[in-house]
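The values are calculated or read from the model by the stated rules, or taken from the named source; none is laboratory data. Every value quoted in this text rests on a predicted model; they were computed, and no experiment measured them. Using ideal geometry, Cβ is built from the backbone for each residue, glycine included, and neighbour counts are taken over all protein chains shown.
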Amino acid sequence: MSTVRRPLKSLGQNFLMDNNVVDKIIRSAALEPGDSVLEIGPGRGALTEHLVRQVGRLLLVEYDHALADSLSCSYGDNQQVTVVDGDILAVDLDALLEGGGRSWKVIANLPYNISTQVLFRLMDVRRRVARMVLMLQKEVADRLVAQPDCSDYGVTTVLLGLWFDMRREFIVPPGCFHPRPKVDSAVVSFVPLAEPRVEVGNEQVFRRVVKGAFAMRRKTLSNCLKKTGLAAPDALAQVLNDCGINGQRRGETLSLDEFAALSRLLSALAV
């Protein structure tokens with residue numbers, strides 16, 4: 001499928017043009033004939049035209065109205081395909097994926113400017129998902145698979161690491177897109193876990209702890225956590241001591257297990 005309209009910079013559109021990369025994404029998704037697949041931002045349909053031949057059900061969510069119309073014209077007679085003209089950050093994603101249990105696979109070439117927001121939206125519907133294969137800016141991909149005590153390690157590493165096994169599959173250079181982005185991209189696969197990797201107590205408290213710990217990366221963990229308002233300074237000092245964590249450390253040095261231990265004790269204080 002094709003369209004002559006040029007990509008819109010305002011929407012962060014960089015259309016995938018390399019069939020070898022398309023094939024590698026399809027292989028990474030480990031598709032089966034009966035799969036239900038959500039493709040986010042199908043654009044001109046470089047992936048779509050392959051997916052429609054290989055899966056049982058295809059849901060396309062496209063924000064660009066002109067491209068959504070083009071997709072509807074191309075696949076309107078195909079009962080397997082549903083085109084949603086809408087914003088993936090605004091649609092009721094849980095309702096769209098309702099039915100069929102935990103069976104959806106998600107494939108996307110995500111615009112750089114909304115990729116982190118989309119990741120968190122997908123995390124919230126993880127129970128409906130079997131696998132995700134997402135194209136991201138390489139910098140974002142590096143953060144997702146980073147280890148503690150390095151500059152790439154951050155909020156997305158910890159929060160998504162609680163619920164997903166994540167693997168960087170391969171790098172995609174700028175020349176594979178039109179227009180060419182200024183940076184490399186990377187394809188990352190995500191496999192949702194049936195249970196969190198570690199018990200965190202109240203997950204909302206866990207998110208506040210993690211976000212607070214990274215809010216001021218040059219500040220000590222103790223000072224960062226005081227800003228969250230989760231505990232009085234004396235109680236917070238006791239929690240850190242009970243977890244065996246030196247409050248003079250920085251958030252980027254903590255493992256997922258250490259964040260979870262903090263969260264469990266702070267959750268208990270909030271009850």
(request) Would you check if residue 136 is among the hydrophobic types (A, V, I, L, M, F, W, C) and crowded, with 18+ Cβ neighbours inside 10 Å? (result) yes
(message) residue 35 - would you say it is of a type outside the set (Phe, Trp, Tyr) and under 15 Å from residue 131 (Cα atoms)?
(response) yes
(message) Quick test for you: out of 247, 251, 201, pick the one residue that is on the phi > 0 side of the Ramachandran plot, touching a helix residue (DSSP H, G or I) at 6+ places or on another chain (Cβ under 8 Å) and surrounded by 14 or more Cβ atoms within 10 Å (Cβ to Cβ).
(response) 201
(message) Restricting to the stretch 13-47, name every residue that is over 20 Å from residue 125 (Cβ atoms) and in a strand (DSSP E or B).
(response) 15, 16
(request) Being assigned to a helix (DSSP H, G or I) and crowded, with 21+ Cβ neighbours inside 10 Å is the filter here, so list the residues in the stretch 54-74 that pass it. (result) 67, 70, 71
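Rundown of residues vs (1) free of Cβ contacts under 8 Å to residues at least 12 places away in the same chain; (2) charged (D, E, K, R); (3) outside the structural domain of residue 20 (by TED's automatic domain parsing), yes/no style:
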residue	(1), (2), (3)
138	no, yes, no
146	yes, no, no
154	no, no, no
163	no, no, no
170	no, no, no
188	no, no, no
212	no, no, yes
(message) at pLDDT 95 or above and farther than 17 Å from residue 106 by Cβ: which single residue out of 4, 21, 37 fits that description?
(response) 21
(request) Would you check if there is a residue in the stretch 109-118 being part of a loop (DSSP other than H, G, I, E, B) and in the same structural domain as residue 55 (by TED's automatic domain parsing)? (result) yes
(request) Output the number of the condition that residue 103 fails; it satisfies all remaining conditions of (1) in contact with a Gly (Cβ under 7 Å, 6 or more places away or on another chain); (2) modelled with pLDDT under 95. (result) (1)
(request) Starting from residues that are in contact with a Ser or Thr (Cβ under 6 Å, 6 or more places away or on another chain) and not in a strand (DSSP E or B), keep the ones in the stretch 75-108 and report whichever is surrounded by the fewest Cβ atoms within 10 Å (Cβ to Cβ). (result) 100
